[in-house]
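> The structure is given below, and queries will be raised subsequently.
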Amino acid sequence: MKSLFEVRNLNKKFGGLVVTNDVSISMAPGDRLALIGPNGAGKTTFINLVTGNLQPDSGDVTLGGENVTRLGPASRVHRGLVRSFQVTRLFQDMTPEEHVALAVLQREGHSGRMFGHYSGRAEVMDEVSAILDRLGLFDLRHLKVREIAYGQQRLLEIAMAMALKPRVLLLDEPAAGVPQSETARIEAALASLPADLAILMIDHDMDLVFRFAKRVVVLAAGTVIFDGLPKDVTQNARVREAYLGSYADAGSAA
Amino acid sequence: MVASLDRTIATPSFTRRMADRGVIGVLAILVAGLAGYLLMPNNLALLTQMIAVAMLVLSIDLVTGYCGVATLGHAALFGAGAYGAGIAAVHFGITDPVAMTAVGLLAGAAAGLVSGFVILRAHGLAQLVLSIAVIHLFHEAANKASGWTGGSDGLSAITPDAFFGAFEFDLWGVTAYAYGVILLAVVFLALQILVRSPFGMLARGVRQDQIRIAAMGASSHSVLLRMYVISGAVAGVGGALSAISTQVVGLDSLSFTLSAEALVMLVLGGTGSLYGAMIGTVVFMLFEDTLSAANPFHWLTIVGALLIAVVLFAPKGLYGSAAAFAGRVRRRPA
Amino acid sequence: MQTVLSIGVDALAYGMALFVISIGLSVTMGLMRVVNLAHGAFAMIGGYFASYAVRDLGLGYAAGILVAVVGTVVIAIPIERLLYRRIYGAPQLTQVLMTIGITFCVIGITNFAFGPTLKTVPLPPLLQGSVDLGFRSIAAHRIFVIICGFTVAAGLWFLVERTNFGVKVRATVDNAAMTAALGVRTEVVYAVSFAVAIALAAFGGVIGAELLPLEPYYALRYMVTFLVVVSVGGAGSIPGALIACLLLGTIDTTGRYLAPEYGEFFFYLAVILIVTLFPRGLAGRMK
């Protein structure tokens, strides 16, 4: 299958520290890829490079055959490259309904309209309600974000990403900080995402990664050290060394 | 199923509530206008000036309260409107008051575009410095271009025509006042629609998290610049009203002091609310009229002390604190 | 040639006066991250103290400087304790409002106490004359200001780079939380730095009174100038502030010599250009 999203030979240094070292990843529609690696491996930097929040020193990012390396974050979103944030970035004074409505309006190019309230547009409201309903946020739709639980805020992050109808979705630790009892809800939300959407997820929760991902890429010290099937990852010597260091032989990983 | 049923009921009532709120605001402006006319018939000039400044304060609220840009140079937009209307009347013979207002609106919007273009390039301290430099630059330019602006003597002999040939601008300022009240009601209604529109929502988002706005595919800079132009139009209408009613435009309309005082009025009333902006203006200017008549030297000290007191004791402003208090009272029985 | 030289000397003197006043602002903004619009008000208070001491009480110039520095610091301490402490870490708008409030109060009180007229600090005979350089003579006062500027710059450099206290200041600028965790009492660092900043402002207000004339609206008139020094030079950077001051001194003086009828128009235009070109300051330090 032709690749939808491709990162080629991406490099980034902060001062003398190499945080991204010649990283290449390619994704096809429908991919479910997990990007894992020890703390400080450069996972979030990688996301920031791909989304345009940081500029790489060299390398290319292409989306649907178009080189987007020099584009800003907003232009990449227009082309279908959407991300969520590791630490929730929501508008504390707004309601979930407003968040999702804003995302829908933005996608449709109507967010600059200066007349009329969004609730007056039936087609917008139907879509907003459907998304909120799917993520179990419908009953909370009129509360301010700062009044809802953290797990629900994480779901709202996913809801906003869905409202943008991405072609490629980058999820930066979607379950970070969420109590164990609520991760099922987030997993269900991830499972309900469109089948043809390419998803790259970063997470530390290996159970979640193994249930979700069809492919795993391991990043260590800015370098890709493994790209393959989930079942092979724990047996890989370099992965074991990266995670366990000199204790690699002492016990089993994960 | 239950949920979607609930939605069909909730939505129209919500829309209705919002529309009502705009209508109530307009009614409040008209009633307050009438009350002002009945209570202070000898002071209509002050009340008209209050309305003009209220539009400046509303325009600051758009960029500071809704978008989070701290500016100390907003009088540039007001002054541009005032000089625009004044110059149109004196040098180009455009003396129809509505046309003068339109010129003021355009001049304010243009000044908003220019100062927004300059100020929005930077952030934090640099942005603040740019906003102060902009108002000084406008002031110096108007002072230098005395052929057009009258320089430090001010631009005088602005003589607006009668309204529709029927309502003369009389010595007591009844016509100018009535015009001001109507203008304010129109501006308020337009802004009420604006702030609850998708664009208004986007602006609030820009204030809270610009990185999230970019991740949604929107450009904060474009939102801010558009808001600056709208803000300029509103301030420009205020400036034009001031020029029409006082029939003179002075350099003080382009001063740092006016910028700072208008910001004080906004903070006094409460940022991020159109009502707060108007309440702050009325309270501040009534206060000023009473106290500065006694001693203009003490006036600046009092403004300073007031500002410190608001920061320390009522950071949400009069309207914001009252609204928060009302919210707490309402929630308690539930 | 004569004009160029006159501009050069005046620009250097003006820039140095500016430096002495605003370096304290730069250091405290780097340390406490407070947008302090009232800094010029303290320079003005210093100037008024000296004017009162020298002109009305008949004290000597040096004694006047001492009165100004001590008096201003004494006034500033309760203001720091009661007002500034409340806005450390607050949003920028809050800091702007509070410090503008302080500025307005200072202007109002000064206007009430001393009247709206210009105040001077009479110079001692030594500084009144001019110094003959052979090809040209220069006002002694200008030379005095220039020497003071370089002395302050060198002294501060020594304090920050070569003393134990300086290490603590630099560490606190870099990372206040970490420095506090290492056992440095950062509130003492703050208090001492604030006092030094105010003392320098007062000192600068006195020696610069010939170049930045004392009147109640001083605090507003030069507000943007002092802020530009910090914004362009970079908060907390001594060389940055020095370069910014010399640049601003040159622009302002040149404008007044060559195009006096334009007032401060070109000065503010230059400010806008400089800040736009260097939004992160000349040093370009990333935040």
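> Just one of the numbered conditions (1) open to solvent by less than 50 Å² (accessible area, probe 1.4 Å); (2) more than 13 Å from chain A (Cβ to nearest Cβ); (3) of a type in the set (A, V, I, L, M); (4) in contact (Cβ under 8 Å) with a residue 40 or more places away in the chain is not true of residue B:248; which one?
(1)
> Taking the condition in a helix (DSSP H, G or I), away from chain C (no Cβ under 14 Å), within 16 Å of the chain's Cα centre (by Cα) and buried (at least 18 other Cβ atoms within 10 Å of the Cβ), does residue B:277 pass?
Numbers: in a helix (DSSP H, G or I): yes; away from chain C (no Cβ under 14 Å): yes; within 16 Å of the chain's Cα centre (by Cα): yes; buried (at least 18 other Cβ atoms within 10 Å of the Cβ): yes.
For residue B:277, the condition - in a helix (DSSP H, G or I), away from chain C (no Cβ under 14 Å), within 16 Å of the chain's Cα centre (by Cα) and buried (at least 18 other Cβ atoms within 10 Å of the Cβ) - is met.
Matching residues to (1) more than 17 Å from residue C:93 (Cα to Cα); (2) among the basic types (Lys, Arg); (3) at pLDDT 95 or above; (4) not in a helix (DSSP H, G or I):
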position	(1), (2), (3), (4)
B:237	yes, no, yes, no
B:240	yes, no, yes, no
B:245	yes, no, no, no
B:261	no, no, no, no
B:267	no, no, no, no
B:285	yes, no, no, no
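> Looking for whichever is at pLDDT below 95 and within 14 Å of chain C (Cβ to nearest Cβ) here; the options are B:63, B:69, B:23. Which one fits?
On the way: B:63 fails: at pLDDT below 95; B:23 fails: within 14 Å of chain C (Cβ to nearest Cβ).
Answer to the check: B:69.
> Something else: Across segment B:192-202, which residue is farthest from the chain's Cα centre (by Cα) among those that are facing chain A (nearest Cβ under 10 Å) and within 14 Å of residue B:59 (Cα to Cα)? Steps first, please.
Residues of segment B:192-202 that are facing chain A (nearest Cβ under 10 Å), as a first pass: B:193-202.
Keeping just the survivors that are within 14 Å of residue B:59 (Cα to Cα) gives B:194-195, B:200.
Working: B:194: 14, B:195: 14, B:200: 16 Å.
Among those residues, the one meeting the criterion is B:200.
> If we scan segment B:294-304, do we find a residue that is at pLDDT below 85, more than 24 Å from residue B:203 (Cα to Cα) and away from every other protein chain (no Cβ under 12 Å)?
Within segment B:294-304, one or more residues are at pLDDT below 85, more than 24 Å from residue B:203 (Cα to Cα) and away from every other protein chain (no Cβ under 12 Å).
> List pairs: first in segment C:116-132 and under 27 Å from residue C:217 (Cα atoms), second of a type in the set (A, V, I, L, M, F, W, C), Cβ under 6 Å, 6+ apart or cross-chain?
Once the first residue is under 27 Å from residue C:217 (Cα atoms) and sits in segment C:116-132, its partners that are of a type in the set (A, V, I, L, M, F, W, C) give C:119/C:214; C:121/C:50; C:121/C:54; C:121/C:206; C:121/C:209; C:122/C:54; C:127/C:140; C:127/C:144.
> Let me ask something else about it. Any residue in segment C:69-85 that's open to solvent by 40 Å² or more (accessible area, probe 1.4 Å): show its pairings with residues that are small (Gly, Ala, Ser) at Cβ separation under 8 Å, as long as the two are six or more apart or on different chains.
C:77/C:195
> What about residue C:227, is it touching a helix residue (DSSP H, G or I) at 6+ places or on another chain (Cβ under 8 Å), open to solvent by 10 Å² or more (accessible area, probe 1.4 Å) and part of a helix (DSSP H, G or I)? Give the derivation first.
Values: touching a helix residue (DSSP H, G or I) at 6+ places or on another chain (Cβ under 8 Å): yes; open to solvent by 10 Å² or more (accessible area, probe 1.4 Å): no; part of a helix (DSSP H, G or I): yes.
Taking the combined requirement at face value, the residue does not satisfy it.
> Hey, can you tell me all the residues within segment B:75-101 that are within 16 Å of the chain's Cα centre (by Cα) and either modelled with pLDDT under 95 or not polar (S, T, N, Q) (or both)? Even if it seems obvious, please write down each step before you answer.
Looking only at segment B:75-101, we keep the residues that are within 16 Å of the chain's Cα centre (by Cα), and these are B:75-82, B:101.
Once the filter is applied, which keeps residues that are within 16 Å of the chain's Cα centre (by Cα) and either modelled with pLDDT under 95 or not polar (S, T, N, Q) (or both), segment B:75-101 yields B:75, B:76, B:77, B:78, B:79, B:80, B:81, B:82.
> OK, next. Testing residue C:88 on (1) buried (at least 16 other Cβ atoms within 10 Å of the Cβ); (2) over 30 Å from residue B:292 (Cα atoms); (3) among the hydroxyl-bearing types (Ser, Thr, Tyr), one condition comes back false. Which one is that?
Here residue C:88 clears every test but (1).
> Does any residue in segment A:21-38 that is surrounded by fewer than 17 Cβ atoms within 10 Å (Cβ to Cβ) come within less than 6 Å, Cβ to Cβ, of a residue that is not hydrophobic (A, V, I, L, M, F, W, C) and not in a strand (DSSP E or B) six or more places away or on a different chain, and which pairs are these?
Final answer for the pair search is A:26/A:3; A:28/A:3; A:30/A:196; A:38/A:243.
> Now for a separate question. Of everything in segment C:207-224 that's within 14 Å of chain B (Cβ to nearest Cβ) and not in a helix (DSSP H, G or I), which residue is most open to solvent (accessible area, probe 1.4 Å)?
As a first pass, look at segment C:207-224 and keep what is within 14 Å of chain B (Cβ to nearest Cβ): C:215-224.
Those still in the list that are not in a helix (DSSP H, G or I) too: C:215-217, C:222.
On the way: C:215: 24, C:216: 3, C:217: 90, C:222: 23 Å².
Within segment C:207-224, the match that is most open to solvent (accessible area, probe 1.4 Å) is C:217.
> So in segment C:91-104, with the set limited to residues that are farther than 14 Å from residue B:303 by Cα and more than 7 Å from every other protein chain (Cβ to nearest Cβ), which one is surrounded by the most Cβ atoms within 10 Å (Cβ to Cβ)?
Here the residue is C:95.
> Of everything in segment C:105-138 that's farther than 30 Å from residue C:79 by Cα and under 22 Å from the mean Cα position of the chain (by Cα), which residue is nearest to the other protein chains (Cβ to nearest Cβ)? I'd like the intermediate steps shown before the answer.
Going residue by residue through segment C:105-138, those that are farther than 30 Å from residue C:79 by Cα are C:123-138.
Going one step further and asking which of them are under 22 Å from the mean Cα position of the chain (by Cα), we end up with C:123, C:127.
Values: C:123: 29, C:127: 32 Å.
Filtering segment C:105-138 for residues that are farther than 30 Å from residue C:79 by Cα and under 22 Å from the mean Cα position of the chain (by Cα), the one nearest to the other protein chains (Cβ to nearest Cβ) comes out as C:123.
> Taking segment A:94-123, which residues are open to solvent by less than 50 Å² (accessible area, probe 1.4 Å), of a type in the set (D, E, K, R) and facing another protein chain (nearest Cβ under 7 Å)? Walk me through it before giving the result.
Just the residues of segment A:94-123 that are open to solvent by less than 50 Å² (accessible area, probe 1.4 Å), to begin with: A:94-106, A:110-112, A:116-119.
Then drop every residue that is not of a type in the set (D, E, K, R), which leaves A:97-98.
Matches in segment A:94-123: A:98 only.
> Taking residue B:147 as meeting all but one of (1) away from chain C (no Cβ under 11 Å); (2) out of contact with any Ser or Thr (no Cβ under 6 Å at 6 or more places or on another chain); (3) touching a residue at least 24 places away in the same chain (Cβ under 8 Å), write down the number of the exception.
All conditions pass for residue B:147, except number (3).
> Would you mind finding the one in C:15, C:30, C:8 that is in contact with a helix residue (DSSP H, G or I) (Cβ under 9 Å, 6 or more places away or on another chain), farther than 18 Å from residue C:123 by Cα and open to solvent by 20 Å² or more (accessible area, probe 1.4 Å)?
Working: C:15 fails: open to solvent by 20 Å² or more (accessible area, probe 1.4 Å); C:30 fails: open to solvent by 20 Å² or more (accessible area, probe 1.4 Å).
Just a single option satisfies the conditions, and that option is C:8.
> Please give the number of the condition residue C:251 fails out of (1) free of Cβ contacts under 8 Å to residues at least 40 places away in the same chain; (2) open to solvent by 50 Å² or more (accessible area, probe 1.4 Å).
Answer for residue C:251: the failing condition is (2).
The values are calculated or read from the model by the stated rules, or taken from the named source; none is laboratory data. This one's a predicted model, so the numbers in the text were calculated from it and none came from an experiment. Reconstructed Cβ throughout: ideal geometry from the backbone, glycine too, with neighbour counts over all protein chains shown. Calculation scope for accessible area: heavy atoms of the full protein, side chains included, ligands and nucleic acids excluded. Shrake-Rupley method; radii C 1.70, N 1.55, O 1.52, S 1.80 Å.
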